[in-house]
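Reviewing the structure listed below.
The values are calculated or read from the model by the stated rules, or taken from the named source; none is laboratory data. Everything numeric here is computed off the predicted structure, so don't read it as measured data. Because the Cβ atoms are built from the backbone with ideal geometry, glycine has one as well, and the counts that use them run over all protein chains shown. What goes into the accessible areas is simple: the full protein's heavy atoms, side chains included, and nothing from ligands, DNA or RNA. Shrake-Rupley method; radii C 1.70, N 1.55, O 1.52, S 1.80 Å.
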Amino acid sequence: MAYLQCRMYILGGTSAQSIATNLANRLRQPLAHTTYKRFPDDEFYVRLHDDIAGQDVLIVQTAYPDSKIIELLLIQDAVHDAGAKKITVILPYFGYSRQDKKFEEGEAISAKAIAQHISLHADCVITVDPHKEHILRFFTVPAYSCSAVRTIAQYLKGKHIDFILAPDKGARERAKEAAALIDCEYDYLEKTRIDGTTVKITPKKLDARDKHVAIIDDIISTGGTMANSIKELKKQGAKSVYVACTHGLFAGGAKEKLLSANCDEIISTDTIETEFSKVSAAGTIAETLLKTALHIKN
Ligand code: R5P
């Protein structure tokens, strides 16, 4: 890996401490010193301790859940006020990105609203596996995406996976890429979302009998999509079923839902830090950062 020529302070917010530390090590740049605390009424407080005037600063903070978005905005404000030369915001997970258009008249385009606020004190934004690429255009500063698929595929390779499944058409390209890296077959399912917690999978004959299968998606939220897909695969004779995602939200009883569907292993990256964060997104972020810093096109 190439190294950054300039000095850059890396400032990890409370939702991305592990990725920030990992980036600091990879890029050989210093971690900024900060104080974060919450007042008794739960309002957030941030104080910077380094003299960052005239310096490049990389702020790493997952924008999820809501409280972490407020933290990010306050950190950006402090960094801007302290006179940073260039502010790069890394959003390992960009919350609200699924509301990327008006599905019904009168709705907010949440992804746009959040992106515009983040853009206020940012010169560049990098996010990992956004739900749809077009959300990058909601930022009013240059915004780039990177993908954790290679890292996930590398992990799955070690598990001797021999079939990859995308739980819906939207995840097909991701599955195709992972399958190519693992050198195995892939397929996809047709999913219909009934509401926020219910999905319907159209039964389809899959070449999964006696295979070790991994289902790959960008997000696991309630676990409904994965649980239904696991059941379909087990019904069709899959030997084992792994579920892997970039962003593990694990909302509500997602973990229980996946385990009771007889999932053999749950894997996610550390864009949201959970017990299932088995691989890190720091590598792909660092590569993209170097490319954008060196103005190399993907
Ligand atoms: C939607 O299209 C996403 O790619 C995921 O499939 C979805 O967010 C998963 O949600 P859940 O875990 O609630 O089924």
- Which value at 222 nm does the chain reach when only helices count, each DSSP H run of 4 or more adding -39,500 (n - 2.57), with the total divided by all residues and rounded to the nearest 500 deg cm²/dmol? -9000 deg cm²/dmol
- Net charge of Cβ neighbours under 15 Å - reference ALA111; Lys, Arg +1; Asp, Glu -1: 0
- Message: Sequence gap at least 6, Cα distance under 8 Å: using those rules, report the relative contact order of the stretch 140-215 to the nearest whole percent.
- Response: 32
- Out of residues 5 or more away from ILE215 or on other chains, whose amide H comes under 5 Å of its own, with H placed 1.01 Å from N in the peptide plane? LEU165, TYR242, VAL243, ALA244
- Note on the structure: Carbon plus sulfur, as percent of the 1.4 Å-probe accessible area of the stretch 1-143, comes to 50
- Magnitude of the charge dipole, the chain, Cβ model with Lys/Arg +1 and Asp/Glu -1, debye to 20: 760
- Taking HIS212, HIS247 and ranking on accessible area (1.4 Å, protein atoms only), highest first, one gets HIS212, HIS247
- Highest GNM mean-square fluctuation among PHE250, PHE103, PHE139, for the chain with Cα springs under 10 Å, belongs to PHE103
- Starting from the Kirkwood radius over alpha-carbon pairs of the chain, derive D by Stokes-Einstein at 10 °C in a medium of 1.306 mPa s and give it in µm² s⁻¹. 79
- Task: Specify the angular offset, from 0 to 90 degrees and rounded to the nearest 10, of the alpha carbon long axis of helix 224-235 from the longest principal axis of the alpha carbons in the chain.
- Result: 30
- Task: Name the residues whose placed amide hydrogens come within less than 5 Å of the amide hydrogen of CYS146, ignoring near sequence neighbours (fewer than 5 apart) on the same chain.
- Result: THR127, VAL128, ASP129
- Message: Tell me the angle of helix 17-27 to the major Cα principal axis of the chain, expressed in degrees between 0 and 90 and rounded to the nearest ten.
- Response: 70
- Note on the structure: Once both label points are put 7 Å beyond Cα along the C-beta direction, the ARG38-GLU173 separation in nm becomes 3.8
- Item | the chain, accessible area per residue, ligands and nucleic acids excluded (1.4 Å, Å²) | 47
- Given the chain, what percent of its DSSP beta bridges are antiparallel, to the nearest 5? 20
- Item | Local electrostatic count, TYR96, Cβ distance below 10 Å [Lys/Arg +1, Asp/Glu -1] | 0
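Please give the length that would be gained between THR274 and SER67 if that part of the chain were fully extended, namely 0.36 nm times their separation in residues minus their C-alpha to C-alpha distance (nm, one decimal).
Additional length available on full extension: 72.8 nm.
Let's see if you can work this out: charge +1 on each Lys and Arg Cβ, -1 on each Asp and Glu Cβ, no other charges. What is the dipole magnitude of the stretch 1-136 about its Cα centre, in debye to the nearest 20?
500
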- Note on the structure: Once all protein chains are kept in place, HIS160 shows an accessible area at probe 1.4 Å, nearest 10 Å², of 140
- So what's the angle, to the nearest 10 degrees on a 0 to 90 scale, between helix 172-182 and the longest Cα principal axis of the chain? 90
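From the square roots a ≥ b ≥ c of the eigenvalues of the alpha-carbon gyration tensor of the stretch 227-298, which class results: rounded (a/c under 1.5), prolate (a/b over b/c), or oblate? Intermediate results must be reported in sequence, preceding the final value.
Working: a/c = 3.64, a/b = 2.25, b/c = 1.61.
Prolate shape, in that a/c is at least 1.5 and a/b is the bigger ratio.
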- Item | Leading residue at positive end of dipole, the stretch 137-247 (Cβ point charges), from CYS146, ALA244, THR225 | THR225
